[in-house]
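Heads up, the thing below is written out as structure tokens.
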Amino acid sequence: EFTQRAFLLGRIDLSQAEAVADLIRAKTEASCRVAAYQLKGRLSERLQGMREQLVKACSRLEIELDFSEEDLEFVSRKELMVVLRSLRREMRCLLESFNRGSVCREGIRMVIVGRPNVGKSSILNTLVERERAIVTEVPGTTRDTVEEALDIGGLLFLITDTAGIRETTDPVEKESIRRTERALDEANLVLLIFDGSESLKIEDKMIIDRVKGLGKQVVAVINKLDLEQRIEKKKLKEWLSEEVLIEVSALERRDVPKLIHTLETTV
Ligand SMILES: Nc1nc2c(ncn2[C@@H]2O[C@H](COP(=O)(O)OP(=O)(O)OP(=O)(O)O)[C@@H](O)[C@H]2O)c(=O)[nH]1
Ligand SMILES: [Mg+2]
């Protein structure tokens, strides 16, 4: 009510009013910082400054048009171009900061995918440090998507563990895979898991191609580092090309801090 009154009386503008809601909803330090910046009116100041410059450029051009018959130059084309170019740069910066801001506010949707039994649920459990998802040695254990929130370096990660992707005729598993696909579509970041103790399978390639086709950020992980390694790392690197690849053992929590650090620096 007080925010609404402040807005209606012109004490704050719409972006500041929205920042009040963001500040209340903020779940991490980063989202709190973004909302506070906006609340102080910094975003409004930037927008106002840009608007003023545009209006000025526009009015100069209009004068020019009004007196186009006469041989008078009210504005130098070169100067105008400098102003417009710098404005365009600033707008691009603002657009990019919008994406970063929305990631801070809404959190990063990270989806864990891979073929069955590679240790996706174990990775989720080790990240959140509790037995969140059921883990068994039976491939196809996770049927429905499992979600959990985690604060990593002040950023909110909304982690989804999914059912393993494989060819199947089982109707329940088919539906599980459809849910995995849906989670993938909504993801900002994909955690692609491989089993280091087994050689690469055709399904691994299929999943890589599927994920790459989405054009999202990917962090690849070889799990089960504690077992004898049979995975063809060279071939995997070729399949992945430029994606980050790290090795962990979810079971022994080996190199998990490295994985967390990678996630923190990737986004
Ligand atoms: N040795 C070893 N075993 C692991 C590791 N991570 C997972 N496992 C085992 O691998 C098996 C499968 O683990 P899950 O975490 O259920 O694998 P998943 O990918 O979620 O499997 P689905 O849900 O069936 O797709 C379980 O028996 C785990 O104990 C690891 O780092 N080392
Ligand atoms: Mg699972």
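The values are calculated or read from the model by the stated rules, or taken from the named source; none is laboratory data. None of these values were measured; they are calculated from a predicted model. All Cβ positions, even for glycine, are placed from backbone atoms using ideal geometry, and neighbour counts span all protein chains on display. The area values use the complete protein model at the heavy-atom level, side chains included, leaving out ligands, DNA and RNA. Shrake-Rupley method; radii C 1.70, N 1.55, O 1.52, S 1.80 Å.
Testing residue 73 on (1) at pLDDT below 90; (2) not in a loop (DSSP other than H, G, I, E, B), one condition comes back false. Which one is that?
Every listed condition holds for residue 73 apart from (2).
Considering only residues that are more than 7 Å from ligand 1 (Cβ to nearest atom), under 20 Å from residue 247 (Cβ atoms) and surrounded by fewer than 22 Cβ atoms within 10 Å (Cβ to Cβ), which ones fall in the range 130-164?
Once the filter is applied, which keeps residues that are more than 7 Å from ligand 1 (Cβ to nearest atom), under 20 Å from residue 247 (Cβ atoms) and surrounded by fewer than 22 Cβ atoms within 10 Å (Cβ to Cβ), the range 130-164 yields only 152.
Would you confirm, using the coordinates I've provided, whether residue 75 is open to solvent by 40 Å² or more (accessible area, probe 1.4 Å) and aliphatic (A, V, I, L, M)? Show your work before the answer.
Numbers: open to solvent by 40 Å² or more (accessible area, probe 1.4 Å): no; aliphatic (A, V, I, L, M): yes.
No; evaluated as a whole, the condition is false for this residue.
Would you confirm whether or not the range 183-198 contains a residue that is over 21 Å from residue 27 (Cα atoms), in contact with a Ser or Thr (Cβ under 8 Å, 6 or more places away or on another chain) and either open to solvent by 60 Å² or more (accessible area, probe 1.4 Å) or within 12 Å of ligand 1 (Cβ to nearest atom) (or both)?
No, every residue in the range 183-198 fails to be over 21 Å from residue 27 (Cα atoms), in contact with a Ser or Thr (Cβ under 8 Å, 6 or more places away or on another chain) and either open to solvent by 60 Å² or more (accessible area, probe 1.4 Å) or within 12 Å of ligand 1 (Cβ to nearest atom) (or both).
So if I check each of 177, 134, which one is at pLDDT 90 or above and not in a helix (DSSP H, G or I)?
134
Can you name the residue in the range 110-131 that is more than 9 Å from ligand 2 (Cβ to nearest atom) and part of a strand (DSSP E or B) and, of all such residues, is nearest to residue 257 (Cα to Cα)?
Checked the range 110-131; the qualifying residue nearest to residue 257 (Cα to Cα) is 110.
What do you reckon, is residue 113 touching a residue at least 60 places away in the same chain (Cβ under 8 Å), in contact with a helix residue (DSSP H, G or I) (Cβ under 7 Å, 6 or more places away or on another chain) and outside the structural domain of residue 43 (by TED's automatic domain parsing)?
It is true that residue 113 is touching a residue at least 60 places away in the same chain (Cβ under 8 Å), in contact with a helix residue (DSSP H, G or I) (Cβ under 7 Å, 6 or more places away or on another chain) and outside the structural domain of residue 43 (by TED's automatic domain parsing).
Among the residues of the range 208-226 satisfying the criterion of being within 18 Å of the chain's Cα centre (by Cα) and part of a loop (DSSP other than H, G, I, E, B), which is modelled with the lowest pLDDT?
Among residues in the range 208-226 that are within 18 Å of the chain's Cα centre (by Cα) and part of a loop (DSSP other than H, G, I, E, B), the one modelled with the lowest pLDDT is 215.
Suppose we filter the range 199-224 for residues that are hydrophobic (A, V, I, L, M, F, W, C) and either exposed (fewer than 15 other Cβ atoms within 10 Å of the Cβ) or farther than 20 Å from residue 247 by Cβ (or both); how many remain?
Counting residues in the range 199-224 that are hydrophobic (A, V, I, L, M, F, W, C) and either exposed (fewer than 15 other Cβ atoms within 10 Å of the Cβ) or farther than 20 Å from residue 247 by Cβ (or both) gives 3.
With respect to residue 55, is the statement that it is more than 16 Å from ligand 2 (Cβ to nearest atom), surrounded by 16 or more Cβ atoms within 10 Å (Cβ to Cβ) and in a helix (DSSP H, G or I) true?
The answer is no for residue 55.
Do you know which of the residues in the range 94-119 that are modelled with pLDDT under 90 and among the hydrophobic types (A, V, I, L, M, F, W, C) is surrounded by the most Cβ atoms within 10 Å (Cβ to Cβ)?
Applying the filter and picking the extreme gives 104.
In the range 1-37, what count of residues is obtained for those that are open to solvent by less than 50 Å² (accessible area, probe 1.4 Å), in contact with a helix residue (DSSP H, G or I) (Cβ under 6 Å, 6 or more places away or on another chain) and either touching a residue at least 24 places away in the same chain (Cβ under 8 Å) or within 15 Å of residue 102 (Cβ to Cβ) (or both)?
Of the residues in that region, 10 qualify.
For the range 130-143, check the following and say yes or no: at least one residue is in contact (Cβ under 8 Å) with a residue 60 or more places away in the chain and not aromatic (Phe, Trp, Tyr). Even if it seems obvious, please write down each step before you answer.
Just the residues of the range 130-143 that are in contact (Cβ under 8 Å) with a residue 60 or more places away in the chain, to begin with: none.
Checked the range 130-143: no residue is in contact (Cβ under 8 Å) with a residue 60 or more places away in the chain and not aromatic (Phe, Trp, Tyr).
Please go through (1) within 15 Å of ligand 2 (Cβ to nearest atom); (2) more than 17 Å from residue 206 (Cα to Cα) for residue 151 and return the number of the only condition it doesn't satisfy.
(1)
When you go through 61, 43, 54 one by one, which is the residue that is modelled with pLDDT of 90 or more and in contact with a helix residue (DSSP H, G or I) (Cβ under 8 Å, 6 or more places away or on another chain)?
54
Is it true that some residue in the range 169-179 is within 13 Å of ligand 1 (Cβ to nearest atom), farther than 20 Å from residue 219 by Cβ and in contact with a strand residue (DSSP E or B) (Cβ under 9 Å, 6 or more places away or on another chain)?
No, that holds for no residue.
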